[in-house]
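Please read the structure below before turning to the comments.
The values are calculated or read from the model by the stated rules, or taken from the named source; none is laboratory data. Everything numeric here is computed off the predicted structure, so don't read it as measured data. So basically every Cβ, Gly included, is an ideal-geometry build from the backbone, and we count neighbours across all protein chains shown. All accessible areas refer to the heavy atoms of the entire protein, side chains included, with ligands and DNA or RNA removed. Shrake-Rupley method; radii C 1.70, N 1.55, O 1.52, S 1.80 Å.
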Amino acid sequence: MALDGLERELRRRFRQPAKVNMVRYADDFIVTANSKELLEHEVKPLVVDFLKTRGLELSPEKTSITHLDQGFDFLGWNVRRYDGKVLIKPSKRSVRAFLAKVRAQIKQDVGAPQAALIGRLNPLIRGWANYHRCAVASATFVSAQSQIWRSLWQWAKRRHPNKGRHWIAQRYWKLGHPKWVFAAQGQRQREGAPKWVVLQNLAAVTIRRHIKVKGDANPFDPEWEAYFEEREQRLMGGVLVGRLHTLWQRQSGRCPMCGQLVNAESGWHVHHVVWKTHGGSDRLDNLVLLHPACHRQVHSLSSDVARPGVASDAFEGLQPDEMKVSCPVLRGREVSQGPPATRLIGYLGQNPEIRFTPTGLPVVNFSVATDDAYVDKDGKRQTRVEWHRVVVIGKLALTCNEYLKKGRQVFVEGRLRTREWEKNGSNSQRTEIIAARVHFLGAPPIDAKAEEPSGDAGLVAESDVPF
């Protein structure tokens, strides 16, 4: 914050012919000019005066004036001009320090399992690679990967001094495609297949260029909020791919629980809105990205998370079902492409009832109460409770029977089915919703005034339907 305005002051003082420019990161910065004399006699005094008014001063140990052809180190990079072209590479000091940390970790874990060694090396390699991947670092990555391989080879030979090269290679490396992958088998998955722990391949890290932040941009200023969100979206587009990036875009880059940005620094977890133990699927409309801390809080408190597949206005302007059956069911605007679906949100009137077909297929029935608002003949707005019969079949029926209780709020999506039968010489009919999805939205209300009607009391006569 103390250096805010220095770049603007340099642009005001020096015009384009002087080629005075500034690059800044936190309290470190570079000032370039077209001559050494300009930097010594004009630029440096201006910077000294600018810092002095803020109670700061230049560090003599870190301040130097050098030619671009000789190059200089800055923030772990080496900036130098080669044959008229400026290249930014990882500095030799940074490479040596990184390899020293890797070698020290390998020597420290000489007796540790291979999977444990990989778990400790991966954060070091991945962090260093992500920092330097914006520079001209491909050749450096290949060279550093070769040095890491040599250290690992010496580590493996020390553990088995009486074994041959082929045995060691087959023991600690996967000799497939790509060749020489340092990997070990970790804990087995549920299906029984082995889970491989693989060392990060430094040479396989792709280069992604960095776009300079505007000098006047302030992340704490609301006027620059859109600018930094655009940069964050561009960055996450390279970090998240496929389904994860689709989820991130649906959530506008924010965590549904805390409302803060989800980025590479904060990390993320994929959460099932309807837990898989409750019958939830891996469909996109049942997934959200949460901060790791928010995810742990959701599971510890059994909190509900808004489903991104249903937009906030998906149930605005609901109209009675076009079939005009005796028990009208609300039909919302379609959110996803596909066959029309009947959706409603309401509260259970009583606990679900379960039965089994002769073939053993579970079937659960329950009724959901919704509030229906309409205008009567006198022009007054009225509200009444309507009951809708829901039928759930299969595995989801077992989940509903176990977790659904009277008064629980649910979201139901399915298709309509009307059944007709003759009883005591008169025809009767009933409209049901064959549920394809049932989402648990909240805890039971404290005061539930409405009681579920028995028999056919919940059916509304055709003349009473307000349309």
So, ARG133, is that one modelled with pLDDT of 85 or more, closer than 29 Å to ARG80 by Cα and among the charged types (D, E, K, R) or not? yes
Could you tell me which numbered condition GLU57 fails, if it satisfies all but one of (1) assigned to a loop (DSSP other than H, G, I, E, B); (2) touching a Leu at 6+ places or on another chain (Cβ under 8 Å); (3) under 30 Å from VAL197 (Cα atoms); (4) not hydroxyl-bearing (Ser, Thr, Tyr)? (3)
Quick check on the stretch 91-99. Is at least one of its residues touching a Leu at 6+ places or on another chain (Cβ under 9 Å), under 29 Å from ASP221 (Cβ atoms) and surrounded by 15 or more Cβ atoms within 10 Å (Cβ to Cβ)? no
Restricting to the stretch 250-266, give me the number of residues that are touching a helix residue (DSSP H, G or I) at 6+ places or on another chain (Cβ under 6 Å), under 16 Å from LEU287 (Cα atoms) and open to solvent by less than 60 Å² (accessible area, probe 1.4 Å). 1
How many residues, within the stretch 113-137, are more than 28 Å from the chain's Cα centre (by Cα) and open to solvent by 20 Å² or more (accessible area, probe 1.4 Å)? 2
With the requirement that a residue be touching a residue at least 24 places away in the same chain (Cβ under 8 Å), in a helix (DSSP H, G or I) and open to solvent by 100 Å² or more (accessible area, probe 1.4 Å), what does the stretch 26-46 give you? LYS36
For the stretch 9-25, does any single residue satisfy the condition of being of a type in the set (D, E, K, R), in contact with a strand residue (DSSP E or B) (Cβ under 8 Å, 6 or more places away or on another chain) and open to solvent by less than 80 Å² (accessible area, probe 1.4 Å)? no
The listed residue being within 30 Å of GLN154 (Cα to Cα), outside any loop (DSSP other than H, G, I, E, B), at pLDDT 90 or above and of a type in the set (A, V, I, L, M), out of VAL79, VAL95: VAL95
Look through the stretch 353-382, keep the residues that are of a type in the set (S, T, N, Q) and not in a strand (DSSP E or B), and return whichever of them is farthest from ALA397 (Cα to Cα). THR359
